[in-house]
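Just below is one structure, and these are the notes that go with it.
The values are calculated or read from the model by the stated rules, or taken from the named source; none is laboratory data. Note that the coordinates shown come from a computational prediction; the quantities given were computed from them, not determined experimentally. Backbone-built Cβ (ideal geometry, glycine too); neighbour counts: all protein chains shown. Keep in mind that these areas ignore ligands, DNA and RNA; they rest on the heavy atoms of the full protein, side chains included. Shrake-Rupley method; radii C 1.70, N 1.55, O 1.52, S 1.80 Å.
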Amino acid sequence: MDPFEDTLRQLRGAFNTGRTRPAEFRAAQLRGLGRFLEDNKQLLQDALAQDLHKSAFESEVSEIAISQGEVTLALRNLRAWMKDQRVPKNLATQLDSAFIRKEPFGLVLIVAPWNYPLNLTLVPLVGALAAGNCVVLKPSEISTSVEKVLAEVLPRYLDQSCFAVVLGGPQEMAQLLEHKFDYIFFTGSPRVGRIVMTAAAKHLTPVTLELGGKNPCYVDDNCDPQTVANRVAWFRYFNAGQTCVAPDYILCSPETQERLLPALQSAITRFYGDDPQSSPNLGRIINQKQFQRLRALLGCGRVAIGGQPTVLVDVQEMEPVMQEEIFGPILPIVSVRSLDEAVDFINRREKPLALYAFSNSSQVVKRVLARTSSGGFCGNDGFMHLTLASLPFGGVGASGMGRYHGKFSFDTFSHHRACLLRSPGMEKVNALRYPPHSQRNLRVLLVAMEARCCSCTLL
């Protein structure tokens, strides 16, 4: 028996009634989502602490506040985002109405991961609701406490004829993907991303894939090692390193490595104390499976700073720690002799989700930016670019496809429909295009179809 069939049929039926299309309905759902965050803040913080040992600070900064900010932004701009977008016209269409209409796709599926189980669930949900879709939400079964809150509490705040939470592991996920959706938004590993994309292809369903990869962090000789260490340590070990945009490895010269190691040790001790495992500010690995996977990576290179967090040196490119996304509190340092060698190292690998460059020279940072490709880029800091809803978040190549945050989320979950409304009259003008053809008519028609340098309309 298919556990999802009835739910999906009801949701699709609700969408077909047009219920989700009016701005008033969309705003009501967004306000409901905002109330969910306000009313259940402590419950959500407790769940995040149970799943990942997240401190109240980390939960607020990276999960709750970002989600609430997206709700507020969408409510403030909803009608402007929904408004038809007028476009320039050519001479042949000067008396017509040409515009792009943003329409909801229909029934969309959002599949969320366990590492930021609130943020990476609710931020895409904001876009889907703002765009007027019916939504099926599949939270991760690994972050069990947050999954329970999302399944039991969140639906009370939304219209349950247009929204549903479905639960389960890989087997249930496979069953769910057999169904036709109008859009799928997936955040997770490249391995599962390929499975999602294969399933979507059977129905020609468009997808956004937010994946991961090995994010490089280049540190130039011309830098203040303690400033770099403070910033790198903070965003490498934030959420115990279980962050898709965290730096996966450092590229620097041997001389800079020698200056950086004591600075990293100093930063780690100041942030997490002499016994980091007892620190309330350091998260925990999600489960034993992930913990054992990470332990196996410690055999690579040499441990320069031990325990949790860890820094590895003398790491070789072909070792396992450099072949898979680490997703934990381990930071390898790879020696390079120059910026050119660092760029070559980056460019012969898959394009990352994020790329970082540290230097006192703005020219060095700009050279790294100009000569590489990544989903996002930040100079002289960590993932602060994610705090700007005005910047799109997404991967390129193996790190994913599609983008979201702010208006980009709304656009992702909207079909941009090309529309031209013409007059039923003026048929003598149209006669130019009908057979029998002549060179004169062709010349006039080509001039009329040329793109215009201005969008002025004839009165």
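Along the axis of the charge dipole computed for the chain (Cβ charges of +1 for Lys and Arg, -1 for Asp and Glu, origin at the Cα centre), the listed residues HIS179, GLY283, GLY273 are led at the positive end by HIS179. Summarised as an ellipsoid, the stretch 95-179 has semi-axes of 28, 14, 12 Å, derived from the eigenvalues of the Cα gyration tensor scaled by 5 and square-rooted, with the largest first.
Shape analysis of the stretch 216-394 yields a ratio of the Cα radius of gyration to the Kirkwood radius, Rg/Rh, of 0.93. Length available on full extension from ASP84 to THR387: 0.36 nm per residue minus the Cα-Cα distance, which gives 106.3 nm. Shown here for the stretch 321-359: trypsin sites (Lys or Arg not before Pro) in loop regions (DSSP other than H, G, I, E, B) with at most 13 other Cβ atoms within 10 Å, namely ARG337, ARG348.
Modelled spin labels at GLU450 and HIS415, positioned 7 Å past Cα toward Cβ, are 3.6 nm from each other.
Each peptide in 356-364, 118-126 receives the mean, over its residues, of other Cβ atoms within 10 Å, and ordering these scores from highest gives 118-126, 356-364. The phi torsions of the stretch 4-11, fed into the Karplus equation with coefficients 6.51, -1.76 and 1.60 and a -60° offset, translate into couplings of 10, 4, 5, 4, 5, 5, 5, 5 Hz, rounded to whole numbers, with Gly and Pro shown as x. Taking a straight line from the alpha carbon of LYS83, these lysines sit under 19 Å away, with near neighbours fewer than eight places off in the same chain left out: LYS102, LYS407. Within straight-line reach of LYS214, meaning a Cα separation under 24 Å, sit the following lysines at least 8 residues removed in sequence or on another chain: LYS54, LYS289, LYS351, LYS366. Rolling a 1.4 Å probe over the heavy atoms of the protein chains gives the stretch 26-162 an accessible area of 35 Å² per residue. Using a cutoff of 8 angstrom between alpha carbon atoms and counting only pairs six or more residues apart, the relative contact order for the chain works out to 20 percent.
The simple Förster model, with R0 at 56 Å and r as the Cβ-Cβ distance, assigns GLN226 and ARG31 a FRET efficiency of 0.80.
The spacing between the stretch 216-231 and the stretch 262-299, judged by their C-alpha centroids, is 20 Å.
Geometric descriptor of the chain, per residue, is 190 Å³ (volume of the convex hull of the Cα atoms).
When you filter the GluC sites (Glu not before Pro) in the stretch 246-341 for DSSP loop state and at most 16 other Cβ atoms inside 10 Å of their Cβ, you are left with GLU317, GLU324. Round to a whole number: what % of the accessible area of the chain belongs to carbon and sulfur, probe 1.4 Å? The value for the chain is 55 percent carbon and sulfur by accessible area. Taking all pairs of distinct Cα atoms, average 1/r, flip it, and tell me the Kirkwood hydrodynamic radius of the stretch 269-365 in Å to one decimal place. Radius from the Kirkwood sum: 15.4 Å. If the cut-off is 17 Å between C-alpha atoms, which aspartates and glutamates fall inside it for LYS89, apart from same-chain ones fewer than 8 positions away? Straight-distance partners of LYS89: GLU450. Taking the Cβ-Cβ separation of ALA174 and ARG433 as r and a Förster radius of 51 Å, what is the calculated FRET efficiency to the nearest 0.05? According to the calculation, E is roughly 0.45. Once the C-beta distance of ILE100 and ARG295 is scaled by a Förster radius of 60 Å, the resulting FRET efficiency is 0.70 to the nearest 0.05.
Couplings 3J(HN,Hα) for the stretch 243-259, derived from phi with the Karplus relation 6.51 cos²θ - 1.76 cosθ + 1.60 (θ = phi - 60°), are 9, 5, 9, 5, x, 8, 6, 9, 10, 7, 6, x, 5, 5, 4, 5, 6 Hz, where x marks Gly and Pro.
Taken about its Cα centre, the stretch 216-394 carries a charge dipole of about 420 debye when Lys and Arg each add +1 at the Cβ and Asp and Glu each add -1 at the Cβ. Each residue of the stretch 79-85 was assigned a 3J(HN,Hα) from its phi angle through the Karplus expression (A = 6.51, B = -1.76, C = 1.60, θ = phi - 60°), giving 5, 5, 5, 6, 4, 4, 9 Hz with x at Gly and Pro. In the full protein context, the stretch 367-431 carries 52 Å² of accessible surface per residue, based on a 1.4 Å probe and ignoring ligands, DNA and RNA. Placing a pseudo-label 7 Å from each Cα along the Cα-to-Cβ vector at ASP314 and ARG302 gives an inter-label distance of 0.3 nm. Compare the Cα positions of PRO247, VAL447, LEU52 along the charge dipole of the chain (+1 at Cβ of Lys, Arg; -1 at Cβ of Asp, Glu; about the Cα centre) and return the one farthest towards the positive end. Comparing the listed Cα positions along the dipole, VAL447 ranks first. Over the chain, DSSP H runs of length four or greater, each weighted -39,500 (n - 2.57), average out per residue to a 222 nm ellipticity of -12500 deg cm²/dmol.
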